[in-house]
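The values are calculated or read from the model by the stated rules, or taken from the named source; none is laboratory data. Model, not experiment: these values are computed from the prediction. Because the Cβ atoms are built from the backbone with ideal geometry, glycine has one as well, and the counts that use them run over all protein chains shown. These area figures cover heavy atoms from the full protein model, side chains too; ligands, DNA and RNA do not enter into them. Shrake-Rupley method; radii C 1.70, N 1.55, O 1.52, S 1.80 Å.
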Amino acid sequence: MNEDGSPDERGVHRVQHDLAGPQSISTTVTVAVADVAGVEPAEIPEQLYDVIDPEALDKLFKSRDDGTPRRGGRLSFSLYGHHVTVRGDGSITVQAGLARIKQLGGNLLVVGSVPDSVIDTASTPLLGETKRDRTRLFALHDRSISTARSRLSMAGSIGENAHIVNYHTDSRSAAADDSVRIGPEIERVDGDLDAFRDEIVATIRRLDAERGGFEPAELRFCFDTLRPLAESYDDALVDAFLGPICEAVKDVSGMAHYILPIEYDSPPVRAIASKFDAIVELRAGDSGPEQRWHLRETGYTTEWFDI
């Protein structure tokens, strides 16, 4: 997002409404969103009047009585899973919510009662393309370091510029995992969950400082898995654990995904859903692993599509 609060220009569709023409600005907005979504305007199930009064929108940007346009003013809202910004000069920008999260960063919750192979398939692309110089950070909670190594390998990386914060409730397991140090930098955490959380936050801040400030979505963070927290602790503790981590990711415009391999409509997922910009729901489809995204800010859910 730019300093004035407008959307980042990457992946943004721009149109110019003719303020002196016969078409209403609300119609131009609907057509622009349909163009980006690849559907006919009539196919958009969430009509403009469900999110904003079209007549009020038209009046807000209508030319003055003497025919001169209203140059100032800006209005932003969500329509059909897209971020829309209308300005007083008639310029309209549209950006898909899914693309915006992928480009600018955010916190994603990955859910679904699926095999580990499906989780690996979904997690790997969220680590980002290897052709870009990204920093990858894993936080492992009662998971083998081989989990991170395997996904890095699937992403075409041998672990360069990768880091692991490793936490086990059984310290012997952690020590065994730490015995092989080829590849990612590994930081073992002993102590309680507060120490684990604090180490994750400190590592994010340290890496950002070493980088001289991350570009949006340059830091890719994977937390695997939230299941021990969801099953063993109450909602207040899980919330207190996740809050500082999610904020640290946002502060550096990172792209983080947190794995919770249980059903989307389960109480643990509902309890923490508000912390995330989107929930990525997984399933093992007939033709292979599939996903659909539930976007919190726009209230939009995609169709199921291949991972």
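Structure notes:
- Dipole of the chain, positive end: most advanced residue of Val252, His163, Ser91 [Cβ charges, Cα centre]: Ser91
- Linear extension gain, Glu210 paired with Ala271, 0.36 nm per residue minus alpha-carbon span: 18.5 nm
- Between segment 187-264 and segment 86-139, the Cα center-to-center distance that results, in Å: 16 Å
- Convex hull volume per residue for segment 170-307, taking Cα atoms only, in Å³: 153 Å³
- For a paramagnetic label modelled on Ala42 (point 7 Å from Cα along Cα→Cβ), amide N atoms under 11 Å away are absent within segment 288-307.
- Against the criterion of solvent-accessible heavy-atom surface with a 1.4 angstrom probe, Thr147, Thr130 sort, most first, into Thr130, Thr147.
- Cα-based shape type of segment 247-307, given that a ≥ b ≥ c are square roots of the gyration tensor eigenvalues and the cut on a/c is 1.5: prolate
- Residues in segment 108-136 reached by a label modelled at Ala284 [backbone nitrogen below 20 Å; 7 Å Cα→Cβ]: 110-125
- Once all protein chains are placed together, Asp194 keeps about 80 Å² accessible to a 1.4 angstrom probe.
- Of all DSSP-defined beta bridges confined to the chain, some 45% are antiparallel rather than parallel.
- When only Cα pairs below 8 angstrom with a gap of at least 6 residues are kept, the chain shows a relative contact order of 20 percent.
- Over segment 220-263: Kirkwood hydrodynamic radius from C-alpha pairwise inverse distances, Å: 11.1 Å
- Working value for the chain: equivalent-ellipsoid semi-axes of 42, 20, 17 Å, each the square root of 5 times a Cα gyration tensor eigenvalue, largest first.
- A quarter of the convex hull surface defined by the alpha-carbon atoms of segment 67-149 gives 9.0 nm² as the mean projection.
- Net lengthening on full extension, Thr27/Ser63 (0.36 nm per residue, minus Cα-Cα): 11.3 nm
- Segment Arg188-Lys250, extension gain: residue separation times 0.36 nm, minus the distance between their alpha carbons: 19.9 nm
- Overall form of segment 179-257 per C-alpha gyration tensor (a/c, 1.5; a/b vs b/c): oblate
- Applying both filters, DSSP loop and at most 11 other Cβ atoms within 10 Å, to the trypsin sites (Lys or Arg not before Pro) of segment 177-243 gives Arg181.
- For Thr169, solvent-accessible area (1.4 Å; no DNA, RNA or ligand), Å²: 100 Å²
- Each residue, Asp35 and Leu19, gets one label point 7 Å from its Cα in the Cβ direction; the gap between the two is 2.0 nm.
- As a calculated quantity, the FRET efficiency between Ser113 and Met154 at R0 = 25 Å, using C-beta atoms, amounts to about 0.70.
- Between 0 and 90°, nearest 10: helix 145-154 axis offset from the chain longest Cα axis: 50 degrees
- With respect to the chain, whose longest principal axis is taken over its alpha-carbon atoms, helix 235-251 is tilted by about 70°.
- Nearest-ten-degree value, helix 25-37 long axis tilted from longest Cα axis of the chain: 40 degrees
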